[in-house]
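The values are calculated or read from the model by the stated rules, or taken from the named source; none is laboratory data. The shown structure was predicted, so the numbers you read here are calculated from the model rather than taken from an experiment. Here the Cβ positions follow ideal geometry from the backbone for every residue, glycine too, while neighbour counts run over all protein chains shown. Surface accessibility is based on the protein's heavy atoms, side chains included, excluding ligands, DNA and RNA. Shrake-Rupley method; radii C 1.70, N 1.55, O 1.52, S 1.80 Å.
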Amino acid sequence: MKFLKYYIITIILTSSLNHYGQDKSFKIHTVAFYNLENLFDTINDTSKFDEYSPMMELKANRGEAYLKKIRNMSRVISEIGQDITQNTPTILGVCEAENKTVLEDLLNDALLLKKNYGIVHYDSPDIRGIDVALLYQKEIFTPIHTSSHTLKIYDEQDQKRIYTRDQLLVSGKLEGELIHIIVNHWPSRRGGEAKSRPKRVAAAKLNKRIIDSLQVINPYAKVIIMGDLNDNPNNASVKSILKAKNEKRKVGLKGVYNPYINFFKNGLGTTAYRDSWSLFDQIMITKPLTEKDYSSFRFYKAGIFNKRFLIHKTGTYKGYPFRSWSDGGFSNGFSDHFPVYIYLIKEVSAKENE
């Protein structure tokens with residue numbers, strides 16, 4: 001337990017969380033999501049179309065580029081939430097990882113190795129071979145059930161199946177408290193937003209079925225929905241299918257709260273294209289995580305991790321996320337998406353805080 005407590009610090013929060021006007025202490029954990037932008041290894045997997053990945057398209061120095069890519073990804077992960085929690089994310093969902101091996105290499109980097117992360121990963125049927133996964137600190141979070149949920153969608157013209165990412169469900173104990181995390185990477189906007197919209201609506205419907213299945217067992221289930229949705233908070237998939245709300249008081253018992261709606265309304269985004277920002281990366285939660293009783297873990301606040309080192313300083317893409325791949329080569333950047341994160345907090349008793 002001493003090892004566990006070392007990583008779980010307490011913070012003093014303002015009276016906005018305290019009806020009695022006195023500061024209180026809270027345990028705090030970062031839960032985050034990051035699109036790793038084509039984290040591929042240097043080996044040609046003949047069972048996938050990974051030869052079209054940016055890594056395999058490099059004519060030389062693939063090994064050097066891979067090591068730099070791993071280090072750059074680990075640097076970002078090591079800093080998410082660090083300024084508040086003095087720790088890396090307790091739970092981190094990722095997408096655009098080729099396989100479990102690249103995730104193991106990532107977590108074996110010196111910046112993350114001592115955090116003792118575990119991995120939940122399934123190979124998905126995505127035609128490019130990119131997967132979603134969940135990374136977690138073993139001393140703090142313990143998975144008790146995991147499952148991969150296939151999204152079956154078809155081309156409107158020839159009715160051939162389109163192979164895309166599965167949705168990952170991980171149920172586990174955060175310091176003994178049951179929470180459920182769904183990690184997503186919904187179909188892209190290739191072919192245009194309107195034409196591709198039904199694919200993401202289908203993805204949202206699958207997501208809703210997973211949430212419903214958890215709430216049938218327990219209407220008060222604490223569910224975290226995270227991912228690169230390839231849709232903004234105001235698109236039909238999020239607004240009409242998940243029915244996500246931007247005000248906690250408007251969220252019903254089995255409803256979903258999306259703090260990123262207000263970020264989007266304020267013009268903020270996680271990825272940019274043709275001088276337009278999109279907020280495709282989001283983390284949403286079910287109502288029980290929004291309650292004001294902090295005797296168990298609750299939502300505190302959300303953020304976009306967009307520190308200056310993650311942003312292009314000059315040139316055509318000034319102000320955009322500093323991506324890893326451009327002009328057919330490795331740029332020594334990070335990702336074309338900013339990570340997103342939320343903080344979960346729980347009040348610490350006077351005895352625990354001694």
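Computed with a 1.4 Å probe on the full set of protein chains, the accessible area for GLU175 sits at about 50 Å². Phi angles of segment 61-68 translate, via the Karplus equation with coefficients 6.51, -1.76, 1.60 and θ = phi - 60°, into HN-Hα couplings of 6, 5, x, 5, 5, 4, 4, 5 Hz per residue; Gly and Pro are given as x. Scoring 151-162, 69-80 by mean Cβ neighbours within 10 Å over their residues and listing the highest first yields 69-80, 151-162.
Shown in residue order for segment 92-97 are the 3J(HN,Hα) couplings computed by the Karplus curve 6.51 cos²θ - 1.76 cosθ + 1.60 at θ = phi - 60°: 9, x, 9, 9, 6, 9 Hz (x for Gly and Pro).
ASP293 contributes an accessible area of around 80 Å² to the protein surface, as traced by a 1.4 Å probe with all chains present. Computed from Cα atoms, the angle from the helix 193-217 axis to the main principal axis of the chain rounds to 40 degrees.
Under a 5 Å amide H to amide H cut-off, with H placed in plane at 1.01 Å, what residues pair with LYS243 once short-range neighbours are removed? When sequence neighbours closer than 5 places are left aside, there are no close amide H contacts. From the alpha carbon centroid of segment 285-354 to that of segment 185-247 is 20 Å. With all protein chains in place and a 1.4 Å probe, the accessible surface of the chain carries 49 percent carbon and sulfur. Every helix of 4 or more DSSP H residues in the chain counts as -39500 (n - 2.57), and over all residues that averages to -6000 deg cm²/dmol at 222 nm. With the convex hull drawn over the C-alpha atoms of the chain, the volume per residue is 143 Å³.
Take the Cα coordinates of segment 100-225, assign each an equal point scatterer, and use the Debye formula without solvent to give log10 I(q)/I(0) at q = 0.15, 0.17, 0.19 Å⁻¹. Here the Debye-derived log intensity ratios amount to -0.79, -0.95, -1.09. The charge dipole of the chain, taken about its Cα centre with unit charges on the Cβ of Lys, Arg, Asp and Glu (plus for the first two, minus for the last two), comes to roughly 1100 debye. Near the amide H of LYS24, within less than 5 Å, lie the amide hydrogens of LEU13, all on another chain or at least 5 residues away, with H placed in the peptide plane. When both bridge partners sit in segment 168-289, DSSP labels roughly 70% of those beta bridges antiparallel. Of LYS173/LYS245; LYS173/LYS346; LYS199/LYS250, which ones are farther than 19 Å apart at the Cα? Check vs 19 Å cut-off fails for LYS173/LYS245; LYS199/LYS250.
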